[in-house]
Amino acid sequence: MNKALPFITFFLMLTVSLSAQVVKILDEQTGKPVSNVAIFNTSKSYSVLTNDVGQASLHRFSENDTLLFQHSSYFTKTVSYKTLAQHKFVLRLNERFINLNEIIVSSNKWEEQRSEIPNYIQVIKSKTISLTAPPTTADLIANGQQVFVQKSQLGGGSPMIRGFAANKILLILDGVRMNNAIYRSGNLQNILQADVNSVKNAEVIFGPGTNIYGSDALGGVVDVHLISPYMNSSVKWAVHGNVYTRFGSAAFEHTLHADVNISNHRWAFLTSASYTKFGDLRMGTHGNNAFKRYNYVERINGMDSIVSNPDPYRQVQSGYSQTNFMQKVKVNFNKTSQLNAGLYYSATSDVPRYDRLFETSNGHLKYARWYYSPQTWLMARLGLNLHNKTTMWNDATFDFAYQNVQEGRNDRKYRNDWLRERTEKVDVVTFSADFNKKLVNDQFLYYGMNLDYNRVNSTGITKNIISGNTEPTATRYPDGGTHTFNSGIYLTYKKNFHRIPLTFLTGARFSYTALSSEFIDTSYYHLPYTSIRLHNQALTGSAGIIYHPESWQIRLNLSSGFRAPNLDDVAKVFDSEPGSVVVPNENLKPEYVYNAGLGFRKGFGETADVEINVFYSYLRNAMVRRDFTLNGQDSIYYDGTLSRVQAVVNAGHAQIYGVSVEGEVQCTKNWGFQANLTYIKGTDEEGLVLSHIPPLYGAGTLFYERNKLRMMLNITFNGMLTYDQLSPSEQSKTQIYTLDALGRPYVPSWTTLNLKGTYSINEHLMLNWGIENITNVNYRPYASGINAPGINFVTGLRLRF
C-alpha cells in the first residue's frame, strides 16, 4: 500500500491538473487573444467557446482527445491534447485573408452577417489597425483606402464619403452620436476626439441606407468602437493591460499609451490614457515643389518679423499635442442584464490653422497667428443592455450620454497688436433606446427612438497682446445662445427566405428637428432680424434585397435621407476664403437625398473575392455656398477687408454617382493581395461641380504573413483634377492649390509607396515598424491646406501583461 501511495497521489494530481487546465488562443501575428473560438473533439461530444481573453477550460476533454479549434475569421486547426500540453496550452491561429461572412454591428446596432445587409459597409479590423499604426483616428479611416480624408492642418482630418463631407457625414463613437449643432459644412477635425490608440475597430456605412440614423447621415456613417472592459471566468480578480509607444520621424511624433483592465466574473474596470505630441511636419522633397515654407512670422523684440525658413520643406508652425483619457465600467447583474458606464476626455494644445498661415496680403504674410484654441471634449455615458426575451424584444439597449465641447478660433494679423478670440461652448444630452425581436419563420424586427438636445453659447473678444485690454467683437454664432432639439423613431423589418437564398429588409424613420437662435447685438453686420426659428420634420425609409447563393452576394438598396440645417449652416458668420464672408440665412431649408445602390460580390472559395458597388444619389434642396446679398449689398467690410457676401442656400437639385471596385486574393497561405479603386462625380442643376468630389483614388497592397511576422507593401494613388473639374468654391482657393500654366488651381496626381510590418516577439511583446512615402514624394491631397508627410520612419513597441 505504501508503495502504491505515490502513484495514487500522482494520478490524483494529474486528474486535478487536467480538470483545471485552461487553454489560451492567440492571433499568430499580433499575439492578441481570440475570443469565441469553438473548441470540440472529433466525436463532437463536448464543445466550449473561448472568453474575452481567449481562454477556455478543457476539463471536459480527455488527454486522448484530438481537438478542433474553429473560428469564422481564422483557419481551422486540429491539435491533439498531448501536443497542446507540450506547448503549455497556448495555441496560435492564422486569420483568413478572405471572409465572406463578416459580422457587422453598425447597420442595425446588432450583430448581423454581412451577407444579410443590403448596404455597402467597410470594416476596419483591430489587426489592420495594429499593422498600419496610424497616429490619429483620421489617418486610421484614411488607411482603410476607401474613404478620402482632407486636412486643413496637421491637427485635422475630415472624411469624404460618396461626395459628402463634414456635417453630412454622421460620426458615432461607442454608439453615441457625436455630430452637434456647430458641426461645420466645411472641413472638420472632431474625429480626432476618438483616441486612435484605444480604437478596437471601425465600420463605415456608405450611403444613407439605414433607418436607425437620422439627420446628417447623407453620405454615410463612420462608426468607431473603442476598447471595452472584459470579464474573466473566475471569481478572482485578474489584471491585464497594454503599454504602447510609437515614434514617427516626419513630424517628430511620439506617442505613449497605456490601458489596464481589472476584472472578475461580474465586474470589469478599464482605464486608458494616451499622449501624443507632433512637431512641425516635414513634406516630401521629390516631384511637385509647390508650397515650400520659405518664411514665417515670429515675434522678435515685441514686433512681428518675417523670418526666413532655413528648411523650406519643414512646415513651420504646424505641430500640436493631444491628451486622451477614458474610464469604463462593466457590470454583469446576471446572465441577461449588463450595465456599461464610461467617462471620456480629450484635449488638444493650440492647433495652428496651417492653411491660413501662408496666406499673403499686400506682398507679405497676412496673419501673424491663426490657431484653434485647445479643443476639449468630455463625455459621460451610461448604457443598459438587456438580453431577456420578452413579448416586446429579444434584446434591448438604453443609452444616455452627456457631452461638453469647447472650441475656439483665434487670429491676429501681421503687425496688428489685437488678437481676436472667439469661443464656442456646446452642451449635448442624448438618449436612445433600441430593440430587436425575432419573429417566426426567420423574421426580425428592429425598432427604437432617440432624443438629442444641444445648447450653444458663443462669445467673442479682441485682446491687445501688449496692454492686455479687451474689447467685444462679433461672435461666430448668435450671441444670445442657441437651442436645438432632434428626435426620431424607426422601424426595420427583415426576412430571411429558406427556399431561395434571399434576404429582404425594409423600414422607415420619422424625424423632427427644431432650432432657436437669438441675436443680441446685430450692429456688427446690421442683420435685418434678431432671431431665427426653424422647425422641420421628415419621413425617410429604405428597402433592400440581398440574393446570396453560395459564393455570390447581389445587393440592391433604395433609400432616402435628410439633413436639417444646423446652427453652423444657418447662422454662422466667418471668412470662408480671402475676399469672401459667409453670413446667416434664416430661410434655409432641409436637404433630402434619394439613393440607389447596387452591389455584386463574388467569392472564389477561399482563394479570391471581388466586389463592385455602384451608386446614384439625387440631392434635393442641396445646401451649397453661393453668392448672396445682405441688406441689398453684395459686399460688406469684414475684418477690415471688403468681402463678397456669401451664404449657405438651397440649390434646386444635384446628383452624385460613382463606382468602387475592390478585390482580394489569397495567393498562398502566407501571401495575399488586396486592391481597390473609387470614382465619384457630382454636379448641381447648373452643371457646376459640387464640393467634396475627390479625384479618382485607390490602392494596392501585398500582404505577407508567416509565424509571428506580418508585412504589407502598399501603393496609394490619387488622380488629377483640372481647374474645370473643381467646384466653384475650390476654384477660388488659389492659396491651397498648385497653379497650372494659366495660373489657375488644379490638383496634380500623386503616388506613394509604403512598407509596414509587425513582429510578435512573444506573447507579451510586439514590434511595429514601417516606412511611409518611401520615394519622399511632395504632394498635397485634394482640398487640403497642408502637404502630406514626406518619407516617414515609424517604430512602435507594445507590451501586454
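Give me the dipole magnitude in Debye, nearest 20, for segment 549-670 about the Cα centre, with unit charges on the beta carbon: positive for Lys and Arg, negative for Asp and Glu. If you can, show how the numbers build up before the last one.
On the way: 11 positive and 15 negative charges, 65 e Å.
Approximately 320 debye in magnitude.
How much solvent-accessible surface does Lys681 expose, in Å² to the nearest 10, with a 1.4 Å probe and all protein chains in place?
Result for Lys681: roughly 80 Å² accessible.
Using a simple spin-label model with points 7 Å from Cα along the Cα→Cβ vector, what separation in nm is obtained for Asp442 and Ser308?
Between Asp442 and Ser308, the label points sit 7.5 nm apart.
Quick one: pull the percent of accessible area on segment 748-801 belonging to carbon and sulfur, 1.4 Å probe, ligands and nucleic acids left out.
On segment 748-801, the fraction of accessible area on carbon and sulfur atoms equals 71 percent.
Could you tell me whether segment 23-85 comes out rounded, prolate or oblate from its Cα gyration tensor? Rule is a ≥ b ≥ c as square roots of the eigenvalues, rounded for a/c under 1.5, then prolate if a/b exceeds b/c, otherwise oblate.
Prolate is the answer for segment 23-85, as a/c is 1.5 or above and a/b outweighs b/c.
With the alpha-carbon atoms as the only input, what is the per residue convex hull volume for segment 525-596 in Å³?
Details: hull volume 9.4 nm³, N = 72.
So the per-residue hull volume is 131 Å³.
Would you kindly calculate the mean projected area, averaged across all directions, of the convex hull enclosing the Cα atoms of the chain, in square nanometres?
Averaged projected area of the chain's Cα convex hull equals 37.5 nm².
Along each principal axis of its Cα atoms, how long is segment 453-522 end to end? Whole angstroms, biggest number first, please.
Largest to smallest, the principal-axis extents are 81, 25, 15 Å.
Which Cα, out of Tyr354, Thr376, Gln406, lies furthest along the positive dipole direction of segment 345-461 (beta carbon charges, K/R +1, D/E -1)?
Value: Tyr354.
Given an 8 Å cut-off on Cα distances and at least 6 residues of separation, report the relative contact order of segment 489-626 as a percent.
Reported relative contact order: 18 percent.
Carbon and sulfur together cover what percent of the accessible area of segment 78-208 at a 1.4 Å probe radius? Please report the intermediate quantities before stating the final value.
Numbers: 1550 of 3230 Å².
The C+S portion of the solvent-accessible surface of segment 78-208 is 48 percent.
If the chain between Asn64 and Ser80 were fully stretched, how many nm would it gain, using 0.36 nm times the residue separation less the Cα-Cα distance?
5.0 nm
Carbon and sulfur: what percent of segment 546-631's accessible surface (1.4 Å probe)?
Values: 1920 of 3180 Å².
Summing carbon and sulfur atoms, their accessible area is 60 percent of the total for segment 546-631.
If you count the DSSP beta bridges with both ends in the chain, what percent of them are antiparallel, to the nearest 5?
Here the share of antiparallel DSSP bridges comes out near 95 percent.
Among Phe148, Met766, Tyr313, flag the residue with its Cα farthest along the positive direction of the charge dipole of the chain, charges on Cβ as +1 for Lys/Arg and -1 for Asp/Glu.
My answer, from the dipole projection, is Met766.
With a cut-off of 8 Å between alpha carbons and a minimum separation of six or more residues, what is the relative contact order of segment 598-660 in percent?
Relative contact order here is 38 percent.
Which one of Ala508, Gln655, Tyr296 is farthest out on the positive end of the charge dipole of the chain, using unit charges on Cβ (Lys, Arg +1; Asp, Glu -1) and the Cα centre as origin?
The one lying farthest along the dipole's positive direction is Ala508.
Do you know the relative contact order of segment 407-464, to the nearest whole percent, from alpha carbon pairs under 8 angstrom that are 6+ apart?
The normalised contact order for segment 407-464 reaches 40 percent.
What percentages, rounded to whole numbers, describe P(r) for segment 198-287 computed over all alpha carbon pairs with 5 Å bin width beginning at zero?
Computed distribution, short to long bins: 3, 11, 13, 11, 12, 12, 16, 13, 6, 2, 1, 1, 0.
Quote the Stokes-Einstein diffusion coefficient, in whole µm² s⁻¹, for segment 258-302, based on the Kirkwood radius over alpha carbon pairs, a temperature of 10 °C and a viscosity of 1.306 mPa s.
D, rounded to a whole number, is 97 µm²/s.
Over the chain, with the other protein chains present, what is the accessible area per residue in square angstrom, probe 1.4 angstrom?
41
Can you tell me the alpha carbon radius of gyration of segment 694-782 divided by the globular rule-of-thumb value 2.2 N^0.38 Å?
On the way: Rg = 18.6 Å, N = 89, 2.2 N^0.38 = 12.1 Å.
Cα-based Rg divided by the globular estimate yields 1.53.
Using only Cα atoms and rounding to the nearest 10 degrees, what angle (0 to 90) does helix 5-19 make with the longest principal axis of the chain?
It works out to around 30 degrees.
For labels at Glu686 and Ser45 in the simple 7 Å Cα→Cβ model, what's the distance in nm?
Between Glu686 and Ser45, the simple spin-label model gives 8.0 nm.
Classify segment 128-211 as rounded, prolate or oblate, taking a ≥ b ≥ c as the square roots of the eigenvalues of its Cα gyration tensor: rounded when a/c is under 1.5, otherwise prolate if a/b is larger than b/c and oblate if not. Can you show the working numbers first?
Numbers: a/c = 1.41, a/b = 1.24, b/c = 1.14.
It is rounded, given that a/c, with a ≥ b ≥ c, falls under 1.5.
Using the Cα centre of the chain as the reference point, and only Cβ charges (+1 on K/R, -1 on D/E), how large is the resulting charge dipole? Debye, rounded to the nearest 20.
1960
Under 17 Å Cα to Cα from Lys236, which aspartates and glutamates show up? Leave out anything in the same chain fewer than 8 places away.
Straight-line reach from Lys236, under 17 Å: Asp52.
Be a star and scan segment 252-266 for residues whose amide nitrogen sits under 19 Å from the point 7 Å along the Cα-to-Cβ vector of Leu339.
Counting backbone N atoms under 19 Å from the label point, the list is 262-266.
Provide the convex hull volume over Cα atoms per residue for segment 492-569, in Å³.
It comes to 111 Å³ per residue, whole-number rounded.
At 1.4 Å probe size, put Thr128, Thr462 in order of accessible surface, largest to smallest.
Of Thr128, Thr462, the descending order of accessible area is Thr128, Thr462.
Structure shown: which of Lys366/Lys572; Lys24/Lys708; Lys32/Lys125; Lys109/Lys200; Lys335/Lys389; Lys127/Lys328 lie over 18 Å apart, alpha-carbon to alpha-carbon?
Over 18 Å apart, Cα to Cα: Lys366/Lys572; Lys127/Lys328.
For segment 577-684, what class follows from the C-alpha gyration tensor (a ≥ b ≥ c being the square roots of its eigenvalues): rounded when a/c is under 1.5, otherwise prolate if a/b is larger than b/c, else oblate?
prolate
The values are calculated or read from the model by the stated rules, or taken from the named source; none is laboratory data. What you see is a predicted model, and the numbers here were worked out from it, not measured in a lab. We place every Cβ from the backbone using ideal geometry, glycine too, and count neighbours over all the protein chains shown. For accessibility, only protein heavy atoms count, side chains too; no ligands or nucleic acids. Shrake-Rupley method; radii C 1.70, N 1.55, O 1.52, S 1.80 Å.
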